[in-house]
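Asker: Below are the structure tokens for one structure; questions will follow.
The values are calculated or read from the model by the stated rules, or taken from the named source; none is laboratory data. Note that this is a predicted model, so its numbers are computed, not measured. So basically every Cβ, Gly included, is an ideal-geometry build from the backbone, and we count neighbours across all protein chains shown.
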Amino acid sequence: MSEPAPSGSASYYGRPVIKAPVWGRAIPTYLFTGGLAAGAALLAAGADLTGRPVLRRTGRVTAAGAVGASICLLVSDLGRPDRFHHLLRVAKPTSPLSVGTWVITAFGTASGVAAAGEFASRLPRRGPLGTLGTLLPPAGRVAGLAAAGLAPALATYTGVLLADTAVPSWHEAYPHLPRLFGGSALASAAGVALIAAPLAEAEPARRLALAGMALELAGTRTLERRLDLLSEPYRNGRAGRLLRAGRVLGAAGMAGAVLGRRSRIVAALSGVALLAASVATRFAIYEAGVASATDPKYTVTPQRERRDQRGPSSPHLG
Amino acid sequence: MDGTTSLSGPLDPAPDAGYPDPPPRMGFFTDTSVCIGCKACEVACKEWNEVPATGLDLLGTSFDNTGALTANSWRHVAFVEQRRPDFRWLMMSDVCKHCTHAACLDVCPTGALFRTEFGTVVIQEDICNGCGYCIPACPYGVVDQREGDGRAWKCTLCYDRVGVGKTPACAQACPTESIQFGPLDELRERAERRIERLHSDGVPEARLYGHDPGDGVGGDGAFFLLLDEPEVYGLPPDPVVTTRDLPRMWRRAGLAALTVVAAVAAAFAGCSSPGRRS
């Protein structure tokens with residue numbers, strides 16, 4: 001268990017040492033929609049390869065819609081949205097945001113083509129549109145598999161995106177965030193499938209709901225308990241309440257996925273609970289990071305402990 | 001400690017950034033023991049760099065009505081009132097540290113942040129699109145988004161002035177030479193001599209901050225002489241550049257991605273195909 005911060009922990013008028021992220025709600029929302037898109041593309045590819053057409057269509061349409069929303073959210077959150085294309089000037093492996101930009105650009109293109117493939121039959125049979133209608137289904141299949149190939153990166157890089165900052169409760173969580181976010185992505189996509197797909201095709205979604213939510217809940221438990229002082233922001237305040245809400249919703253969603261084998265209604269309710277759990281968890285983690293950046297003790301206390309353990313590194317210190 | 005890589009450890013940043021024959025690394029040595037809290041540095045910086053006003057703030061924190069380094073304050077004079085047992089004021093002009101390993105620069109996704117030939121770190125205002133990633137990446141809380149503008153701003157170490165052989169505005173305006181500008185090697189030697197002098201004069205609490213190339217950011221281009229613990233001035237006691245751990249973070253993400261693939265494969269593998277069900 002973590003110790004409370006020493007009461008003598010000094011600060012400059014209680015002001016934060018580091019700056020909290022200036023992002024609005026768009027970014028935690030994007031953490032959810034980006035994960036949903038990735039999970040849905042994986043479900044669609046699995047459905048495509050195992051002959052589940054409704055599940056495939058659900059996955060492809062969800063992936064395209066969610067990645068479209070993600071791109072809108074990311075651009076709207078820029079201080080200068082008209083300069084969004086400056087993100088495409090460089091490719092920098094030291095910037096998770098740069099890596100994410102390229103992944104989401106490629107994924108967005110592929111999942112757009114895959115979703116378009118689902119609507120090829122609505123095109124007229126003749127003329128240039130007819131040719132398009134013939135080409136789209138095979139192109140959609142290739143694009144859907146390509147999107148699924150990029151999806152694991154899209155589902156997990158956001159953990160690095162948050163961790164690669166000075167925000168104490170995010171940075172120290174770096175070993176845990178990618179897997180947690182990957183699980184949350186699978187659980188949310190499975191949630192949509194449980195709502196939209198017929199029972200006959202939903203078995204993989206049910207299993208994925210269980211596996212994904214298990215990863216998500218194991219991850220949040222670790223954040224709450226294993227980061228010493230830096231677990232506090234995950235337990236207290238709004239972040240703590242959201243994380244607990246996510247746990248209850250996630251457990252309900254898992255139960256519904258097991259019990260909903262024969263009932264569309266139970267399956268759909270389970271899907272709603274899984275989606276809500278994923279949203280609550282993303283916002284909880286975001287808010288815990290902001291809380292840990294705002295209170296200087298979360299920056300100062302662990303650094304002092306680290307420095308004191310190491311001993312004075314220079315004759316001028318201490 | 002980790003060995004030297006482009007992400008951590010001691011090195012000379014300008015050659016590491018690709019300048020084949022750069023001038024000496026330039027920086028600030030801010031000696032807080034002679035700071036008189038006149039804020040001439042804050043004013044000179046605003047004047048020269050055309051940094052917008054923040055309005056009239058009365059913060060109730062001693063003589064500090066600036067509060068912190070922000071998008072609109074690139075120098076910030078901190079005032080600490082102490083009774084120990086005699087009353088004393090600590091005054092310290094804070095500034096961007098121009099780290100050897102600058103997290104803001106590492107994480108910038110547009111290339112707006114760059115390393116100059118003098119080893120300093122500058123944001124190009126015509127490139128920055130206000131993504132805001134540099135802001136929580138900075139271990140010192142220096143970079144900030146300007147309201148109504150959307151972009152990130154911070155000290156440039158007067159790149160325009162230094163480029164033509166001039167002293168940065170804050171150091172030029174400082175009446176007590178609390179802010180000293182020059183080649184970093186010279187400043188470090190000068191700081192060592194100043195510490196020895198203060199210690200022999202009976203000021204044992206004097207210590208250097210940010211001068212050590214072996215620290216978590218590879219040493220600061222702008223370092224300080226302090227008279228108390230760093231956190232008393234609002235500085236982090238043991239800052240580490242977040243990207244030092246980035247290779248490990250990408251490895252964890254790779255493992256997580258494999259876990260995701262395995263979970264999907266397992267979910268489909270065990271199910272009988274609906275079309276082929278007997």
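Asker: Could you tell me whether residue B:157 is away from chain A (no Cβ under 11 Å), within 18 Å of the chain's Cα centre (by Cα) and buried (at least 24 other Cβ atoms within 10 Å of the Cβ)?
Answerer: When the stated conditions are applied, residue B:157 passes them.
Asker: Take the residues in segment B:132-143 that are over 21 Å from residue B:230 (Cα atoms) and not aromatic (Phe, Trp, Tyr), then tell me which one is farthest from the other protein chains (Cβ to nearest Cβ).
Answerer: B:134
Asker: Would you say residue B:206 is farther than 30 Å from residue B:245 by Cα and within 9 Å of chain A (Cβ to nearest Cβ)?
Answerer: yes
Asker: Then there is this: Is it true that residue B:66 is of a type outside the set (A, V, I, L, M), within 11 Å of chain A (Cβ to nearest Cβ) and at negative phi?
Answerer: No: the conditions fail for residue B:66.
Asker: Just checking, how many residues over segment A:240-287 are over 15 Å from residue A:181 (Cα atoms) and either among the hydrophobic types (A, V, I, L, M, F, W, C) or surrounded by fewer than 20 Cβ atoms within 10 Å (Cβ to Cβ) (or both)?
Answerer: 25
Asker: Looking for whichever is over 17 Å from the mean Cα position of the chain (by Cα), touching a residue at least 60 places away in the same chain (Cβ under 8 Å) and under 21 Å from residue B:266 (Cα atoms) here; the options are A:205, A:255, A:189, A:196. Which one fits?
Answerer: From the options A:205, A:255, A:189, A:196, the qualifying one is A:205.
Asker: Another one. Being over 30 Å from residue A:198 (Cα atoms), without any contact (Cβ under 8 Å) to a residue 60 or more places away in the chain and surrounded by fewer than 23 Cβ atoms within 10 Å (Cβ to Cβ) narrows it down to one residue among A:61, A:90; which is it?
Answerer: Residue meeting the stated conditions: A:90.
Asker: Condition first: polar (S, T, N, Q) and closer than 12 Å to residue A:113 by Cα. Now tell me which residues in segment A:123-137 satisfy that.
Answerer: Listed by number, the list is empty, since nothing qualifies.
Asker: Would you check if residue A:294 is of a type in the set (Val, Ile, Thr) and surrounded by 22 or more Cβ atoms within 10 Å (Cβ to Cβ)?
Answerer: It is false that residue A:294 is of a type in the set (Val, Ile, Thr) and surrounded by 22 or more Cβ atoms within 10 Å (Cβ to Cβ).
Asker: Hey, another quick one. Considering only residues that are more than 20 Å from the chain's Cα centre (by Cα) and of a type in the set (S, T, N, Q), which ones fall in segment A:113-168?
Answerer: If the condition is that a residue be more than 20 Å from the chain's Cα centre (by Cα) and of a type in the set (S, T, N, Q), then A:121, A:131, A:134 are the ones that fit.
Asker: Which one of A:249, A:229, A:242 is assigned to a helix (DSSP H, G or I) and closer than 24 Å to residue A:151 by Cβ?
Answerer: Exactly one residue qualifies, and that residue is A:249.
Asker: Okay, moving on. Give segment B:107-128 a look and list any residue that's assigned to a loop (DSSP other than H, G, I, E, B) and either acidic (Asp, Glu) or within 14 Å of chain A (Cβ to nearest Cβ) (or both), or say none.
Answerer: Within segment B:107-128, B:108, B:109, B:110, B:111, B:112, B:117, B:124, B:125, B:126, B:127, B:128 meet the criteria.
Asker: So, one more: Within segment B:139-150, can you find the residues that are part of a loop (DSSP other than H, G, I, E, B) and under 26 Å from residue B:26 (Cα atoms)?
Answerer: Hits for segment B:139-150 are B:139, B:140, B:141, B:142, B:143.
Asker: Let me ask another. Condition check: crowded, with 23+ Cβ neighbours inside 10 Å and not in a loop (DSSP other than H, G, I, E, B). Does residue B:170 satisfy that?
Answerer: Against the criterion (crowded, with 23+ Cβ neighbours inside 10 Å and not in a loop (DSSP other than H, G, I, E, B)), residue B:170 qualifies.
Asker: Scan segment B:56-74 for residues that are of a type in the set (D, E, K, R) and part of a loop (DSSP other than H, G, I, E, B) and report the count.
Answerer: Residues in segment B:56-74 being of a type in the set (D, E, K, R) and part of a loop (DSSP other than H, G, I, E, B): 1 in total.
Asker: In contact with a helix residue (DSSP H, G or I) (Cβ under 8 Å, 6 or more places away or on another chain), of a type outside the set (S, T, N, Q) and in contact (Cβ under 8 Å) with a residue 40 or more places away in the chain, is that true of residue B:109?
Answerer: Judged against the criteria, residue B:109 is not a match.
Asker: Please find, among B:251, B:207, B:244, the residue that is touching a residue at least 40 places away in the same chain (Cβ under 8 Å) and basic (Lys, Arg).
Answerer: B:244
Asker: Identify, by number, the condition in (1) within 14 Å of chain A (Cβ to nearest Cβ); (2) within 13 Å of the chain's Cα centre (by Cα); (3) at negative phi that residue B:100 doesn't meet.
Answerer: Of everything listed in (1) within 14 Å of chain A (Cβ to nearest Cβ); (2) within 13 Å of the chain's Cα centre (by Cα); (3) at negative phi, residue B:100 misses just condition (1).
Asker: Which members of segment B:209-234 meet the condition of being on the phi > 0 side of the Ramachandran plot and either outside any loop (DSSP other than H, G, I, E, B) or more than 10 Å from every other protein chain (Cβ to nearest Cβ) (or both)?
Answerer: B:210, B:218, B:219
Asker: On the given criteria, is residue A:245 at pLDDT 95 or above and over 24 Å from residue A:197 (Cβ atoms)?
Answerer: yes
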